[in-house]
1. Please state which one of Lys238, Lys226, Lys156 is closer than 30 Å to Ala47 by Cβ, touching a residue at least 40 places away in the same chain (Cβ under 8 Å) and charged (D, E, K, R).
2. Looking at (1) in contact (Cβ under 8 Å) with a residue 24 or more places away in the chain; (2) closer than 27 Å to Asn185 by Cα; (3) small (Gly, Ala, Ser); (4) more than 16 Å from the ligand (Cβ to nearest atom), find the lone condition where Ala81 falls short.
3. Could you give every pair whose Cβ atoms fall below 6 Å, whose first residue belongs to region 15-31 and is among the aliphatic types (A, V, I, L, M), and whose second residue is near the ligand (Cβ under 6 Å from one of its atoms) and part of a loop (DSSP other than H, G, I, E, B), counting only separations of at least 6 or pairs across chains?
4. Before we move on, is Leu201 surrounded by fewer than 16 Cβ atoms within 10 Å (Cβ to Cβ), aliphatic (A, V, I, L, M) and over 29 Å from Leu46 (Cα atoms)?
5. Quickly run through region 207-221 and pick out the residues that are at pLDDT 90 or above and open to solvent by less than 30 Å² (accessible area, probe 1.4 Å).
6. Please work out which one of (1) within 23 Å of the chain's Cα centre (by Cα); (2) under 21 Å from Arg190 (Cα atoms); (3) without any contact (Cβ under 8 Å) to a residue 12 or more places away in the chain is the condition Val60 fails and give its number.
Amino acid sequence: MNYQTSNVYTKLCPFCAEQIPVQAVKCRYCGELFTPERLKLVERALAAESQGTGEQTLLVTSPSLWALVNSFTTGFIALCAAIFLLIVPIEKPFGSSKSSDGTVSQSNSSSINIAANQNPLQQQAGSGGFQSSMRKFRILLGLLIVLITLLWLATKIYVLRMTRYEITPQRIEYSRGLFDRKVDNLDMFRIIDMKMRRTPLDCMTGVGTVIVYTTDKTDPEFRFEKVHNPGQLYDIVKKYSLDADRGGSVVHIE
Ligand SMILES: [Zn+2]
């Protein structure tokens, strides 16, 4: 392919609207092949849209909080570590520690304890300042971990709440992002295959993940993460992706 002339003789890819050479038989951006069958599908999709039949929204959904189970687990562990730092005086030598959690205190202060037994007077005189600065550092670290963990979880929840899937007969629209909000489209006729994944916990909580495989090179796999009523979503997308392909005698190329 002659890329030197491609900026003079270009056309827009009918599938992704990127600039490509006029003589291209395959888009280098989205990987679509310009076979008559594939082009016919685009024409029909555009025709349906101009008639207004593609505007109807079939389903609007978003990921449930169950998509964040792993994040919540990590956050919980971090908060436990922070609470431990805030309440257990690990800087105190074993013996003067009031903590009931003897095993942890012992392992942390055993070296100090030996020093204290060997040289009790020196230890008592010199460790006061060290202990109080260690105590400050411990509490500061604990509070810092709490703050970072809560901020991180809040961001995760906010990003999740901003993610939205909208399904029309022609395409799947998904919007996501925090500061630069992105809206992407996935045309129904680009869907090759679908799968639904549900863990036992998903079944109990009524959620599931629907995975859609597409001919799109940049987005070959699209996931509806932990949505409510995944069966309904699966059926709708399946029906309309088959409808979009119908009559075209389409050969899917991967
Ligand atoms: Zn393209």
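The values are calculated or read from the model by the stated rules, or taken from the named source; none is laboratory data. Because the structure is a prediction, the values reported are computed rather than measured. Counting neighbours? That spans all protein chains shown, and the Cβs are built from the backbone with ideal geometry, glycine included. Just the protein is used for accessible areas: all its heavy atoms, side chains included, with ligands, DNA and RNA removed. Shrake-Rupley method; radii C 1.70, N 1.55, O 1.52, S 1.80 Å.
1. Going through Lys238, Lys226, Lys156 in turn, the sole match is Lys238.
2. (2)
3. Final answer for the pair search is Ile20/Cys13; Ile20/Cys27.
4. Here the answer is yes, as Leu201 does meet what is asked.
5. Val207, Gly208, Thr209, Val210, Ile211, Val212, Thr214
6. It fails just one condition, (3).
Results for (1) farther than 17 Å from Ala244 by Cβ; (2) of a type in the set (A, V, I, L, M, F, W, C), shown as yes or no for each residue.
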| residue | (1), (2) |
| --- | --- |
| Ile172 | no, yes |
| Val183 | yes, yes |
| Arg197 | yes, no |
| Pro200 | yes, no |
| Gly206 | yes, no |
| Thr214 | no, no |
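For (1) at positive phi; (2) at pLDDT below 90; (3) away from the ligand (no atom under 15 Å from the Cβ); (4) in contact with a Phe, Trp or Tyr (Cβ under 7 Å, 6 or more places away or on another chain), each residue gets a yes or a no:
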| residue | (1), (2), (3), (4) |
| --- | --- |
| Glu18 | no, yes, no, yes |
| Gln23 | no, yes, no, no |
| Gly31 | yes, yes, no, no |
| Glu37 | no, yes, yes, no |
| Ala47 | no, yes, yes, no |
| Gln51 | no, yes, yes, no |
| Gln56 | no, yes, yes, no |
| Ser62 | no, no, yes, yes |
